[in-house]
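Report on one structure; see the data block that follows.
The values are calculated or read from the model by the stated rules, or taken from the named source; none is laboratory data. All values derive from a computational prediction rather than experimental measurement. Note that each Cβ is placed from the backbone with ideal geometry, even for glycine, and that neighbours are counted across all protein chains shown. Areas reflect the complete protein model, heavy atoms only, side chains present, ligands, DNA and RNA absent. Shrake-Rupley method; radii C 1.70, N 1.55, O 1.52, S 1.80 Å.
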Amino acid sequence: MKITTPFVLLVRFYQTAISPFTPSACRFEPTCSSYMIEALQKHGLFYGGYLGLKRILSCHPWGRTGYDPVPEKKCNHEH
């Protein structure tokens, strides 16, 4: 089991048990919860968690909107 698994499960619980009963308010595509899961899976707990929290904090009426994908993982090639 990856270290990110409990956090992904927590977000999935939110998506299925809480989100359907709240007004749709996310200003981004993909939604903040989907973004968090992808960021955790792609970048790991610390950087992925940082990206997800940064996204959630920017999702407010005065923030920007639109398509905001998870950034690609940077490759560090050692020569």
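Yes or no: the range 37-49 includes at least one residue that is touching a strand residue (DSSP E or B) at 6+ places or on another chain (Cβ under 8 Å) and under 22 Å from TYR14 (Cβ atoms). Break it down into steps so the answer makes sense when it comes.
Within the range 37-49, the subset touching a strand residue (DSSP E or B) at 6+ places or on another chain (Cβ under 8 Å) is none.
So far as the range 37-49 goes, no, none of its residues is touching a strand residue (DSSP E or B) at 6+ places or on another chain (Cβ under 8 Å) and under 22 Å from TYR14 (Cβ atoms).
Report, ordered by the first and then the second residue, all pairs with beta carbons closer than 6 Å, sequence separation of six or more or different chains, a first member in the range 35-56 that is open to solvent by 20 Å² or more (accessible area, probe 1.4 Å), and a second member that is assigned to a helix (DSSP H, G or I) and not hydroxyl-bearing (Ser, Thr, Tyr).
Listed pairs, sorted by first residue: MET36/VAL11; MET36/GLY52; ILE56/CYS32.
Condition first: polar (S, T, N, Q) and under 19 Å from PRO61 (Cβ atoms). Now tell me which residues in the range 13-28 satisfy that.
Step one: filter the range 13-28 for residues polar (S, T, N, Q), giving 15-16, 19, 22, 24.
Those that are polar (S, T, N, Q) and under 19 Å from PRO61 (Cβ atoms): SER19, THR22, SER24.
Filter the range 8-23 for residues that are assigned to a helix (DSSP H, G or I), open to solvent by 70 Å² or more (accessible area, probe 1.4 Å) and without any contact (Cβ under 8 Å) to a residue 24 or more places away in the chain and give the result. Break it down stepwise before answering.
From the range 8-23, those assigned to a helix (DSSP H, G or I) are 8-21; that's our starting set.
Retained after the next criterion (residues that are open to solvent by 70 Å² or more (accessible area, probe 1.4 Å)): 9-10, 12-14, 16, 18, 20-21.
LEU9, LEU10, PHE13, TYR14, THR16, ILE18, PRO20, PHE21, listed by residue number.
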